[in-house]
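Undergrad: Here you go, one structure.
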């Protein structure tokens, strides 16, 4: 069994006709039929049932179709990775990003990278920080952009600049202040991003404050949408507020609530030249 036979097999399975499959593969029918017979002989299994209406897969054929697709996809993936290692200037970067990474991906540094490496394409997988970490550990992505805090174990990282947490005000609240202290925040009905819930709770507790948490969710953009609808004050990182809303935004002067994004990859993985180039460009 070889890759050529599997490609032939899948084409016939899809077309359900030797004639159409041979035409699509740009080969004559006899060599195609021969390769299929050799495949059945090698597997010691009947893969097709031939009748007047064409060809249908046997149960064994159906099973092979699934495996064949995986094998061919893995083969293509391997070829792409080998090319990246060999040249470092073309290929695919699988990148996991969080909703609040918009000022980095896409961003000026990524645009510069694409101008310098025009043959590089991206596969983007979107999730929250925990989801991106899971993608990375399952090798679904090469690199990820996440936000602190996160589990550092087994992960290498490059950090972007720190940024403050801000309060996105609902339309009915007009504020003359430019900055909030933690006491100011505690007086508002709050809409919070679940990842920061414990940090907020610990900080309020340390000051003896008990604010009303009106809503908790898994996406900072959702908190902003609720704030825009007048449901409360959203606490989000400054970068996502700058991208996602035109509501009044107040900086929060409280250092423990500062956060930063990080570009991450698995420590145990040997980075290709392409990925090294990308990391160098993105961190500036």
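None of the figures in this text is laboratory data; all of them are computed from the coordinates on show. From a predicted model like this one, the values you see are computed outputs, not experimental measurements. All Cβ positions, glycine included, derive from the backbone under ideal geometry; neighbour counts span all protein chains shown.
Undergrad: Remind me, relative contact order of the chain in percent, using alpha carbon pairs under 8 angstrom and six or more residues apart?
TA: On the way: 468 pairs, mean separation 61.2, N = 284.
Value for the chain: 22 percent.
Undergrad: Taking only Cα atoms, what is the 0 to 90° angle, nearest 10, from helix 3-15's long axis to the longest principal axis of the chain?
TA: The angle comes out at about 90 degrees.
Undergrad: Ok, one more. Arrange the following residues from fewest to most other Cβ atoms within 10 Å of their Cβ: 239, 52, 100. Don't skip to the end; give the middle numbers.
TA: Details: 239 23, 52 4, 100 27.
Ascending Cβ contact count within 10 Å gives the list 52, 239, 100.
Undergrad: Antiparallel versus total DSSP beta bridges in the chain: what percent is that, nearest 5?
TA: Working: 22 of 40 bridges.
That works out to approximately 55 percent antiparallel.
Undergrad: Can I ask one more? Which stretch or stretches of region 243-284 have amide N atoms under 20 Å from the point lying 7 Å from residue 109's Cα along the Cα→Cβ direction?
TA: 243, 258-267, 271-284
Undergrad: Moving to a separate point now. I'd like the orientation of helix 29-43 relative to the chain: the angle between its Cα long axis and the longest Cα principal axis, in ° from 0 to 90, rounded to 10.
TA: Taking the Cα atoms of the chain, the angle to 29-43 is about 70 degrees.
Undergrad: Next up: Please compute the modelled spin-label separation between residue 43 and residue 173, points set 7 Å along Cα→Cβ, answer in nm with one decimal.
TA: 6.3 nm
Undergrad: Arranged by the count of other C-beta atoms within 10 angstrom, fewest first, what order do 231, 165 take?
TA: Details: 231 15, 165 23.
Least to most surrounded, the residues fall as 231, 165.
Undergrad: Just to confirm the number: angle between the C-alpha axis of helix 197-206 and the first principal axis of the chain, 0 to 90 degrees, nearest 10?
TA: 20 degrees
Undergrad: Give me the percent relative contact order of region 165-257, please, defined on Cα pairs under 8 angstrom at least 6 residues apart. Can you show the working numbers first?
TA: Numbers: 171 pairs, mean separation 46.8, N = 93.
About 50 percent, as a whole number.
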